[in-house]
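First the structure, in the form of structure tokens, and then the observations on it.
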Amino acid sequence: IDRLAYEMGQSRSAMVNQVLADYVRYTTPEKRMREVFSAIEQMLMGSVFEPQLQPSESMFSLRSALDYKYNPSVRYSVELYKNAHPLLGELRVSVRSQNNALVLAMLQFFKLWTRIETAYIGRVECAMEDGRYLRKMRLSEEATPGNEQIGEGIAAYIRLLDSALKYYFEHLTEPATAMTGVERLYVGYISGGGMIL
């Protein structure tokens with residue numbers, strides 16, 4: 001057990017819990033998180049995203065470069081809650097920069113994004129400050145997707161958000177084009193059946 005725990009990067013007690021849960025065919029919150037994160041990783045890695053060191057077993061982080069001065073990195077972190085229904089967890093988007101123009105542009109983008117989401121899906125629980133955006137992810141009461149589907153939904157949403165952010169920055173000097181383009185990307189996503197959490 002100690003050898004297995006070491007190989008899996010887990011504590012001894014976590015390994016024992018996993019073995020017992022597997023034996024009785026019970027999906028622990030930790031196993032659910034690993035399955036969701038595995039689906040996110042399979043969908044996003046190898047594209048424009050780079051993996052980050054994972055700070056805990058309830059968090060998954062990756063980053064993408066933004067085509068702006070000095071190519072700052074945008075970090076996407078997903079934290080899943082142990083009790084996953086209806087509140088699944090939260091998505092955090094941040095950029096580490098002292099560039100006030102970049103921080104202001106990020107804030108303007110997040111305000112636009114929130115307005116678009118509110119217009120199409122209703123109220124969204126989110127917060128914005130200093131180039132950071134936090135959005136709660138929630139399953140609808142009637143939805144019961146599997147862990148892989150949840151991971152794929154989160155990955156698709158992150159890909160959409162990253163594409164919209166990059167489009168916005170490409171057209172930063174043309175605000176009307178930037179806004180309509182971001183909205184068009186969002187509408188295309190939800191019209192195509194994209195999962196909104």
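The values are calculated or read from the model by the stated rules, or taken from the named source; none is laboratory data. None of these values were measured; they are calculated from a predicted model. Methodologically, a virtual Cβ is constructed for each residue, glycine included, from the backbone with ideal geometry; neighbour enumeration extends over all protein chains shown. SASA here: full protein model, heavy atoms, side chains in, ligands and nucleic acids out. Shrake-Rupley method; radii C 1.70, N 1.55, O 1.52, S 1.80 Å.
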Inset, instruction - Provide, as a two-decimal number, the C-alpha radius of gyration of the stretch 82-147 over 2.2 N^0.38 Å, N being how many residues it has. - result: 1.32
Inset, instruction - Please give the helix 12-23 orientation as an angle from the longest Cα principal axis of the chain, in degrees from 0 to 90, rounded to the nearest 10. - result: 80
Inset, instruction - Provide the packing ranking of 129-139, 180-190, 11-21, i.e. peptides ordered by the mean count of other C-beta atoms within 10 Å per residue, highest first. - result: 129-139, 180-190, 11-21
Inset, instruction - With r as the distance between the Cβ atoms of LEU107 and SER56 and R0 = 35 Å, compute the FRET efficiency 1/(1 + (r/R0)^6) and round to 0.05. - result: 0.80
Inset, instruction - Kindly report the accessible area of the stretch 60-197 per residue (heavy atoms of protein chains, probe 1.4 Å, no ligands, DNA or RNA), in Å². - result: 51
Inset, instruction - Using only Cα atoms, find the angle between the long axis of helix 147-170 and the longest principal axis of the chain, and express it within 0 to 90 degrees, rounded to the nearest 10. - result: 20
Inset, instruction - With everything on Cα atoms, drop me the angle between helix 29-44 and the longest principal axis of the chain, reported from 0 to 90° to the nearest 10. - result: 40
Legend entry - Calculated P(r) tail over 21 Å for the chain, as whole % of Cα pairs: 55
Inset, instruction - Apply the Kirkwood formula to the stretch 128-171: the hydrodynamic radius equals the inverse of the mean of 1/r over all pairs of different alpha-carbon atoms; give it in Å with one decimal. - result: 12.5
Inset, instruction - Collect residues whose amide H, placed 1.01 Å from N in the peptide plane, falls under 5 Å from the amide H of GLY131; neighbours closer than 5 in sequence don't count. - result: LEU107
Legend entry - Convex hull of the stretch 86-197 built on C-alpha atoms - directionally averaged projected area, nm²: 7.0
Inset, instruction - State whether the stretch 30-128 is rounded, prolate or oblate according to the following rule on the C-alpha gyration tensor (a ≥ b ≥ c being the square roots of its eigenvalues): a/c under 1.5 gives rounded; otherwise a/b larger than b/c gives prolate, and the remaining case gives oblate. - result: oblate
